[in-house]
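Remarks on the structure that follows.
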Amino acid sequence: MHKISNFPIMFFAVIMGFGGLAMALRTFNENFTDPGNMSFFILRTFVLGLFIFFFLLYLAKIFINFNAVKEEFNHPVKINFFATFSISLLILANLFMDTSTLYNILFYSGLFLQSFLSFYIISFWINNNLELKHSSPAWFIPVVGNLIVILAAKNVENWLWFYFCMGVFFWVILFAIIFYRILFHEQMPNKFMPTLFILLAPPAVAFLGYLKLTKSFDLPAIFLLNLALFFMILLIFLYKNFLKLNFFLSWWAFTFPMAAFSVACFRASDLTGDGSTFFLGFGVFSFILLIVLIVFVSFYTMKNVLKGQICIPEV
């Protein structure tokens, strides 16, 4: 029972990782191997089942140890991970667009929670004296959630621009703060080093959202795409930073941004002429790397679950 009472909200980053893999797999299949998308249908069912399992565990935690939930919700770092729950709903909505009733439940629940969490978390930042050491790329999670609303929506409507503008605006502000911290202050704790991969997510998801809203591969789209490409190459240069890290659940931060970048590259390859081979190559590379990361992180997650080193009180 004590394991459930210590079940962390960060576990929903697992859903983001597998959901991102399903989105990337769907795009990969459409370009290459499986027009029927049978592997995608199997994977999305697995992601939905995993989400229900985690949801029931966290619901049990609310009843068993509500004080622990309140503590997470008032923690300057952990509060950002509550958006992984609303984002998981939106990703699942994107995966189940062809199932009307389920889609509506997932999308409107995710939309409501994402909207609430965005305003609540920004209010939390304003009303509390946060320290610079609390800042990390995890702050992007509630911001990126607003951009994922666009990808989850079935139809392109004007109100979606509200979420696009809010996401891009706060992405720029938070990036300046976090980059300042990285350059001029103490380094992030090792367990948050994988969150550097989250730097990939805002430009990649914003690129996909902008394409959906405008249906135009113009200069803003090219800017966002190349910014995502820059961060991808930067992370490759920083690979040594990630080789000696001890396992933490934050390793799942590697996965969804890589999936978003892979989908962005596949979309770019469809839209560009001379650059199509270049972006297609990057899309395939990042998709293969995504699969390797998912297998690697899943193995260590299961290993630590079996060893009883997850869902324990923090010291």
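Just so you know, all these numbers are worked out from the coordinates, no wet-lab data involved. Keep in mind that this is a model prediction, so the values were computed, not measured. So basically every Cβ, Gly included, is an ideal-geometry build from the backbone, and we count neighbours across all protein chains shown.
Basic side chains Lys and Arg get +1 at the Cβ, acidic Asp and Glu get -1 at the Cβ, and with that the dipole of the chain about its Cα centre reaches some 620 debye.
Given DSSP loops and a limit of at most 10 other Cβ atoms within 10 Å, what is the longest stretch of the chain that contains no such chymotrypsin sites (Phe, Trp or Tyr not before Pro)? Working shown, then result.
On the way: sites that count: 159, 239.
Result for the longest clean stretch: 1-158.
For the chain, what is the relative contact order in percent, using Cα pairs closer than 8 Å and at least 6 residues apart in sequence?
With pairs under 8 Å counted, the relative contact order is 22 percent.
For residue 133, the lysines whose Cα falls under 30 Å of its own Cα, not counting residues fewer than eight places away in the same chain, are 3, 61, 70, 78, 191, 240, 244. Of the trypsin sites (Lys or Arg not before Pro) in region 176-230, the ones in a loop by DSSP (not H, G, I, E or B) with at most 10 other beta carbons within 10 Å are 215. Rounded to the nearest 10 degrees, the inclination of helix 160-184 to the longest alpha-carbon principal axis of the chain is 60 degrees. Each principal axis of the Cα cloud of region 85-125 was taken in turn, and the coordinate range along them, longest first, works out to 38, 12, 10 Å. Counting only Cα atoms, region 242-300 measures 43, 16, 15 Å along its principal axes, largest extent leading.
Counting Lys +1, Arg +1, Asp -1, Glu -1, what net charge surrounds residue 139 among other residues with beta carbon under 14 Å of its beta carbon?
Computed value for this residue: +2.
Working note: 222 nm ellipticity from helices only, DSSP H runs with n ≥ 4, each -39,500 (n - 2.57), summed and divided by the residues of the chain, gives -24000 deg cm²/dmol to the nearest 500. The angle separating the long axis of helix 83-95 from the principal Cα axis of greatest extent in the chain is about 40 degrees. P(r) tail for region 1-82: Cα pairs beyond 21 Å make up 43% of the total. Residue by residue, region 253-260 carries 3J(HN,Hα) couplings of 5, 5, 8, 4, x, 5, 5, 4 Hz when phi is fed to the Karplus relation 6.51 cos²θ - 1.76 cosθ + 1.60 (θ = phi - 60°); x denotes Gly or Pro.
Our compactness index for region 140-279, the C-alpha radius of gyration over the empirical 2.2 N^0.38 Å, is 1.08.
Here the 3J(HN,Hα) profile of region 300-307, calculated from phi with Karplus coefficients 6.51, -1.76 and 1.60 at θ = phi - 60°, is 6, 5, 5, 4, 6, 5, 5, 7 Hz, Gly and Pro shown as x. For the chain, modelled as a GNM with alpha-carbon contacts under 10 angstrom, which of 45, 84, 101 fluctuates the most? Maximum among the listed residues: 101.
With θ taken as phi - 60° and the Karplus curve 6.51 cos²θ - 1.76 cosθ + 1.60 applied, the whole-hertz 3J(HN,Hα) list for region 150-159 is 5, 5, 7, 6, 6, 10, 7, 10, 4, 5 Hz, x standing for glycine and proline.
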